[in-house]
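Okay, so here's the structure we're looking at.
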Amino acid sequence: MALLLGQIPRWFNSIKLSSFIKASQITKQSARPGKTLSNGFSPQALLLSSDNCFLQWEIKTYRTSSLWNSFQSANSNRQENSSLQSTLLPSVSEKPEIIPSLESELPLEELDDLPPLSPMQPISEEEAIQIVAHPLLPLSSFTLGDYIDHSETLQRLVQLGGQSCAQGILCQPASRQLLPEQRKGQKGERGVDLSKIERHVDAANLLLRLDFEKDIKQILLFLKDLGLEDNQLGPFLTKNYSIFSEDLENLKTRVAYLQSKNFTKADIARMVRNAPFLLSFSVERLDNRLGFFQKELELSVKKTRDLVVRLPRLLTGSLEPVKENMKVYRLELGFKQNEIQHMVTRIPKMLTANKRKLTETFDYIHNVMNIPHHIIVKFPQVFNTRVFKIKERHSFLAYLGKAQYDPAKTNYVSLDKFVSIPDEVFCKEIAKTSVDDFEKFLKTL
């Protein structure tokens, strides 16, 4: 009987121990290592976190074992006292012994000090369903679309301008649902087209290393201050992705230089929008380009400024086509310097036009249509018109006997209307016939 009474406290201790372990499992269930997967990119960070976990486990194990040993020693003392008194008759005034409660002696803070459960421990089906397995980061890839789910920077770049808020596109939430074309690396509504940037390996690697808040946000704010709209940032960054490698102070210096040359804020915004690489040029290079066009075309400061505002690609493109076309106008086509000035200030694209197209257009207008230089100079837009369109309309007017381009004669046909109006207006106002007749004639050519 005494032996049986001595086993009762041990039996209660085993029950409390099992309850204690279950309580610790419930407490630590939300922190089970197998329930969440790390989204980080650095293997060193993962190793460091595992070392810290191992050290913390050792400390927690020591504290838990010490606490449990003290609890067991207290129970053993009570077991000895009960065994000594088991041979004596109990006193009437004695109260039954109260078994100490583990919850009363162990506060909730101590439960958190228990070591984490092993990842190899079996779990229930309900727990397995709740586990979210994130896709692994590919070690290498040929497309940026494989990294969108892992990079907040890429997510926010493809979402630029997709939603408006108080601060514009900069407050776009990274958790916004991506469109299918965005996950493939293409632009969505007005965002950055990653499919074009990934063609350049260095640029793609640069975007993967950048942090949106630290490296990109300040550039976007700078571009918005220049006058670019939210829906213009995506196309701009798709073309000039290298602007993220530029120092912000250098960008501000280049803008200050343009302002010192009396370019207005609207002019600078238009130039940056139409020539995205403009801000990537140093102040010295911009100054050399402006000086070249002013000297080569013998233009005033104001006309030079107006020229590059209308066609800012003159400051960023190659100068070889410009030099070649200037020789063509002077030597092959026979235009004078003042005539060239007049034409290029009205149609700046003539400086970068294809040489073959220029000579073919001029040859047909001057030698077939018999239009002299001074009339061509008044209507330089003929060089922007396709040659086959000029041939079709002139042949039709010649067939009707209405090919008259001399302003001093009757039934004069202006070159401006000749090349600019659509076929319906051309047939009605100039040819004085129907569109069907014009189309039937074209079939005979």
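Find the percent of Cα-Cα distances in the range 236-343 that exceed 19 Å, and round it to a whole number. Counting every Cα pair in the range 236-343, those more than 19 Å apart make up 47 percent. Compared with the direct C-alpha span, the chain from SER260 to THR433 gains 56.7 nm at full extension, assuming 0.36 nm per residue. Given points 7 Å out from each Cα along the Cα-Cβ axis, report the LEU221 to ASN274 separation in nanometres with one decimal. It is 3.0 nm. Taking amide H as placed 1.01 Å from N in the peptide plane, the amide H of THR352 sits under 5 Å from none that are at least 5 places away or on another chain. Length gained on full extension, ALA398 to ASP306: 29.2 nm, using 0.36 nm per residue less the C-alpha separation.
The 3J(HN,Hα) values that the Karplus relation (6.51, -1.76, 1.60; θ = phi - 60°) gives for the range 373-389 are, in residue order, 4, 5, 6, 4, 5, 6, 10, x, 5, 5, 6, 8, 9, 5, 5, 5, 5 Hz. Gly and Pro appear as x.
For the range 197-242, the solvent-accessible area of protein heavy atoms averages 50 Å² per residue (probe radius 1.4 Å; ligands and nucleic acids excluded).
With r defined as the distance between the Cβ atoms of GLU324 and LYS214 and R0 fixed at 30 Å, what FRET efficiency is calculated, to the nearest 0.05? It comes out at approximately 0.10. Residues whose amide H comes within less than 5 Å of that of THR433, counting only those at least five positions distant or on another chain, are LYS428 (H built at 1.01 Å from N in the peptide plane).
In the range 180-334, a dipole from Cβ-located charges (positive for Lys and Arg, negative for Asp and Glu) runs towards its positive end, and of LEU208, GLN259, ILE219 it is GLN259 whose Cα lies farthest in that direction.
Can you give the local net charge around PRO422? Use residues other than it whose beta-carbon is closer than 12 angstrom to its beta-carbon, Lys and Arg +1, Asp and Glu -1. The answer is +1. Got a number for carbon plus sulfur as a percent of the range 277-352's accessible area, 1.4 Å probe? C and S atoms contribute 50 percent here.
Run the dipole for the range 291-388 about the Cα centre, Lys and Arg Cβ at +1, Asp and Glu Cβ at -1, nothing else charged, and hand back the magnitude in debye, nearest 20.
300
Relative protection proxy for 305-318, 398-411, from highest mean packing down: 305-318, 398-411 (other beta-carbon atoms within 10 angstrom). Residues in the range 266-272 carry Karplus couplings, in order, of 5, 5, 5, 4, 5, 5, 5 Hz; the curve used is 6.51 cos²θ - 1.76 cosθ + 1.60 with θ = phi - 60°, and Gly or Pro positions show x. For the range 293-375, the solvent-accessible area of protein heavy atoms averages 52 Å² per residue (probe radius 1.4 Å; ligands and nucleic acids excluded).
Across the range 323-445, counting alpha-carbon atoms alone, Rg and Dmax equal 15.0, 45 Å.
A Förster radius of 56 Å combined with the Cβ-Cβ distance from ASN250 to ASP363 puts the calculated FRET efficiency at roughly 0.75. For the listed peptides 439-445, 352-358, 387-393, 151-157, a ranking on the average number of other beta carbons within 10 Å per residue, highest first, reads 151-157, 387-393, 352-358, 439-445.
Expressed in nm to one decimal, what extension gain is obtained for the pair ALA408 and PHE441 from 0.36 nm per residue of sequence separation less their Cα-Cα distance?
9.0 nm
For the range 402-409, backbone phi angles converted through the Karplus equation (6.51, -1.76, 1.60; θ = phi - 60°) give residue-by-residue couplings of 10, 7, 10, 10, 8, x, 7, 10 Hz, Gly and Pro being listed as x.
The values are calculated or read from the model by the stated rules, or taken from the named source; none is laboratory data. All figures in this text were calculated on a predicted structure; none of them were measured in a lab. Virtual Cβ from ideal backbone geometry, glycine too; neighbours counted across all protein chains shown. Surface areas here come from the heavy atoms of the whole protein model, side chains and all, with no ligands, DNA or RNA. Shrake-Rupley method; radii C 1.70, N 1.55, O 1.52, S 1.80 Å.
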